[in-house]
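See structure below.
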Amino acid sequence: MNKYSLLSMHDLSVEEINAILDDALLFDNSCSDWQLPQSKALVANLFFEASTRTHYSFESAELQLGCKAVDIATQASSITKGESLYDTIRTLEEAGYDMFVIRHSTERYYDELKTIDKPILNAGDGAADHPTQCLLDLLTMKQEFGSFEGLKVMIAGDILHSRVAASNRYALELLGAEVRFAGPAEWAREGYPTVDFDTYLPEADVVMMLRIQKERGASLSNVADGDYLNRYGLTKERYARMKKGAIIMHPAPVNRGVEIDSDLVEADRSRIFKQMANGVLVRKAVIKRGFGYAPFGSENR
Ligand code: NCD
């Protein structure tokens, strides 16, 4: 495995997380025009699950950095003829691709790719991890609050099936934040500290809402569709009870009117579209790192 691959938030130290966030901020400022010195590095994007934000913000980041971004049509690849993921990536490596961005429904799909030399960036594996989403979430909180120590983050909804919840729990606790989980009891995750949404709401600095992951089998036996918002979602009434200075986040796609009232998606306290802009910045930082470039301002490694 290439040492600059990014497979899980567990791979990153606090120093490395901070270095990526600092680079992302510089990509928003003085280093916005920075490009990879090698011309036309070939990056293969393989999305075996649906994606808008992650896929196309990776692609935007790749193109901005001067890479050649190639979408591998996973539905039309020989995977559909029974070829393994390993043989597919090994083939692409031999065909001259320099980096792989992969999203797959299998948790830890990358375990079968250990002997691949080129860097792999995980764009989401099942319900396990979503490191670049986590980094853009961290960037959004850092811009808002300056630091993570003592920050109170409530993540609400379908926790059980959410890789975003898993990556954020690990990283935010590592950085000193308090992370609490709310939502239907059948979607609680073992070992994750749960709270009552309405009780914790006035204390939370960040209210992060999650989509119901139906593609991972999420369903609720005892809640009618129209009832979900009132019972577990962010309504206008709950919005009014948020702490002063608190923000709304959501990795999106948003199901308007289900986990969040449609009018709140672009409300004053919402940072949902800001998160999307931040996605390009952190992905630029992670691709730069993936190609072995040191953080801005330090010696090349
Ligand atoms: C998330 C994902 O795919 O895990 N979306 C994203 O990457 N922005 C969350 C989701 O799909 O609900």
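The values are calculated or read from the model by the stated rules, or taken from the named source; none is laboratory data. Computed from a predicted structure; not experimentally measured. Here the Cβ positions follow ideal geometry from the backbone for every residue, glycine too, while neighbour counts run over all protein chains shown. SASA here: full protein model, heavy atoms, side chains in, ligands and nucleic acids out. Shrake-Rupley method; radii C 1.70, N 1.55, O 1.52, S 1.80 Å.
To two decimal places, what compactness ratio does region 181-301 give when its Cα radius of gyration is scaled by 2.2 N^0.38 Å?
Compactness ratio reported: 1.30.
Within region 226-301, report the GluC sites (Glu not before Pro) that DSSP leaves as loop and that have at most 15 other Cβ atoms within 10 Å.
Taking region 226-301 and a limit of 15 other Cβ atoms within 10 Å, the loop GluC sites (Glu not before Pro) found are E266, E299.
Quick one: the Cα spread of region 3-121 along its three principal axes, in angstroms, biggest first?
On the principal axes, region 3-121 reaches 47, 30, 27 Å in Cα extent.
By how many nm would the segment from E203 to R241 lengthen if fully extended, with 0.36 nm per residue of separation less the alpha-carbon distance?
Between E203 and R241, full extension yields an extra 12.7 nm.
If I ignore ligands, DNA and RNA and count only protein heavy atoms, how much of R169 is accessible to a 1.4 Å probe, in Å² to the nearest 10?
About 50 Å², rounded to the nearest 10.
With θ set to phi - 60° and the Karplus curve 6.51 cos²θ - 1.76 cosθ + 1.60, what are the ³J(HN,Hα) couplings of region 270-279 in order, to the nearest whole Hz, using x for Gly and Pro?
Per-residue couplings from phi come out as 7, 10, 4, 7, 4, 4, 5, 5, 5, x Hz.
Tell me, in nm to one decimal, what length is gained between F273 and N18 on full extension, where the rule is 0.36 nm per residue of separation less the Cα-Cα distance?
Taking F273 through N18 to full extension adds about 89.6 nm, to one decimal.
Students sometimes get this wrong: rank Y192, Y110 by accessible area, probe 1.4 Å, all chains present, largest first.
Order by accessible area, largest first: Y192, Y110.
For R238, R108, R269, give me the order by solvent-accessible area with a 1.4 Å probe, most accessible first, ignoring ligands, DNA and RNA.
In descending accessible area the options line up as R108, R269, R238.
Using helices alone, I'd like the mean residue ellipticity at 222 nm for the chain: each DSSP H run of four-plus residues gives -39500 (n - 2.57), total over residue count, nearest 500.
About -9500 deg cm²/dmol.
Can you work out D for the chain in µm² s⁻¹ from Stokes-Einstein, where Rh is the Kirkwood radius over C-alpha pairs, the temperature is 4 °C and the viscosity is 1.567 mPa s?
65
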